[in-house]
Every structure is written in C-alpha cells, then in structure tokens.
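Laboratory data are not the source of any read-out in this text; all were calculated from the coordinates shown. These figures come from a predicted structure and were not determined experimentally. Here the Cβ positions follow ideal geometry from the backbone for every residue, glycine too, while neighbour counts run over all protein chains shown.
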Amino acid sequence: KNQVEQSPQSLIILEGKNCTLQCNYTVSPFSNLRWYKQDTGRGPVSLTIMTFSENTKSNGRYTATLDADTKQSSLHITASQLSDSASYICVVSRDYNNDMRFGAGTRLTVKP
Amino acid sequence: DAGITQSPRHKVTETGTPVTLRCHQTENHRYMYWYRQDPGHGLRLIHYSYGVKDTDKGEVSDGYSVSRSKTEDFLLTLESATSSQTSVYFCAIKLVNTIYFGEGSWLTVV
C-alpha cells in the first residue's frame, strides 16, 4: 500500500537545540519527496523537494536527506528557533504531482 | 502564497445543506487541487483539475463535486453536507514542480 509514516508524532525541544524528524514510505513508483512546514491555522509551505538521484538538500537551517534504497527520509533542523514551532509534513509523489501521498505530520514545539 | 484565495475561510452549516467552497488564483496555473485535512490523517486529495472543464477524482471524492468553468476558479461543492465532512479544506496549485497551498477553509457541519 502507498503509505507515508512520520515519526515522532510530536516533539518538544528547547530553543537552540537541533532535532531530526523521520519519514518512512512505501509509495511506489517513486517520483519525488517533499517536506512542508505548516504553521497553526495556515496552509503548508514547501521547504525542500528531492528526486530519486538526490540524497541531501538544504534550505537554510533545514536539511533533508533521502535514502531511496531504504525508502527513508529525514529532516534535520539546526539551532532551532521559536518560529520553527509548526507541523512538518512529508509528501511522496508517485507521478508528476497528481498522486501525492501525505504523512500525518510531526508537531514540533520549540520552547524558550 | 502564489496568488491563491479561498472563500469562505470559515463556515458553519447544517447537515443536509449544500455548500460551495471557492478557490481563486490570479496567475493562470493549469493544475488546481482540493484537499481535506483531518487530525491524525495526512492531507487527502478530493478532486483535481488540469484545465478548464477538465477534472478528475482523488482519493476521497465521494460526496464532493467540482467545477472549473474558467482558469482562475475551482469550486468544490458538497451537495448535501454531512458531519463527516467537517474538516479543513485546502486548495492548491502546481507551479513548476512545487505545490502551493491556500490558507484553508474551515467547515463545520452541525
């Protein structure tokens, strides 16, 4: 079944600390994998997109990795800030964007 | 925000009444999507459109219909709302290889 599983469901860290969010998928065939950030009450906003041949991509303090062999991705946040408090959603596409499978998200809370 | 506007942003309606949500975009994007988001679930595709009058069903299309009579507007209609359709609805467009989402429409069916 074409599934996307994210862990942990929720995470609380202190400001300035690093954290890593996980995404495992069974979606096949694989086209690309995206990470989105969703602030409370807002729509998701794209952070990164990776294709099969890419194994790492950075966007500021956000670094995503992809292991297409094990079907795993991670999102690493460095030197967290209060504004990083949000849900982070992993999205895997089977074809060119019209069949995207969304994970349920990881809720990150950064405390001062 | 890629020029996406959803309306209404919040609505409370009664079971059995029809409801239409509107997604308006200003940049002539071909692909438009309607998703719903519920606690514990990822975003799920309801319907999508790949051009004027060209639409297709998504994963959770039962109970929903859509129309796209012009490029800029994609309408989602609940013909007879049910409590299970209480959700947050997001419109999205595709620009190059990135999907951009609107700000969401909160619908409560009582």
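Each row is one residue, and each column tells you yes or no for (1) of a type in the set (Val, Ile, Thr); (2) touching a Lys or Arg at 6+ places or on another chain (Cβ under 8 Å); (3) free of Cβ contacts under 8 Å to residues at least 24 places away in the same chain.
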residue: A:Gln3; (1), (2), (3): no, yes, no
residue: A:Pro8; (1), (2), (3): no, no, no
residue: A:Ile13; (1), (2), (3): yes, yes, no
residue: A:Cys23; (1), (2), (3): no, no, no
residue: A:Ser31; (1), (2), (3): no, yes, no
residue: A:Pro44; (1), (2), (3): no, yes, no
residue: A:Lys57; (1), (2), (3): no, no, yes
residue: A:Ala68; (1), (2), (3): no, no, no
Legend entry - Residue list for region B:15-50, restricted to those being more than 18 Å from B:Glu79 (Cα to Cα), out of contact with any strand residue (DSSP E or B) (no Cβ under 6 Å at 6 or more places or on another chain), more than 13 Å from chain A (Cβ to nearest Cβ) and not β-branched (Val, Ile, Thr): B:Glu27, B:Asn28
Inset, instruction - Scan region A:1-21 for residues that are assigned to a strand (DSSP E or B) and either among the aliphatic types (A, V, I, L, M) or over 26 Å from B:Gly104 (Cα atoms) (or both) and report the count. - result: 8
Legend entry - Wholly enclosed strands (runs of 3 or more DSSP E) of region B:63-104 bearing at least 2 residues in contact (Cβ under 8 Å) with a residue 60 or more places away in the chain and among the aromatic types (Phe, Trp, Tyr): B:87-95, B:98-101
Inset, instruction - Look through region B:56-110, keep the residues that are away from every other protein chain (no Cβ under 14 Å) and among the β-branched types (Val, Ile, Thr), and return whichever of them is surrounded by the most Cβ atoms within 10 Å (Cβ to Cβ). - result: B:Val66
Legend entry - Count - residues of region B:1-47 that are outside any strand (DSSP E or B), out of contact with any helix residue (DSSP H, G or I) (no Cβ under 9 Å at 6 or more places or on another chain) and hydroxyl-bearing (Ser, Thr, Tyr): 3
Inset, instruction - Output the number of residues of region A:93-112 satisfying the condition of being crowded, with 21+ Cβ neighbours inside 10 Å and within 10 Å of chain B (Cβ to nearest Cβ). - result: 6
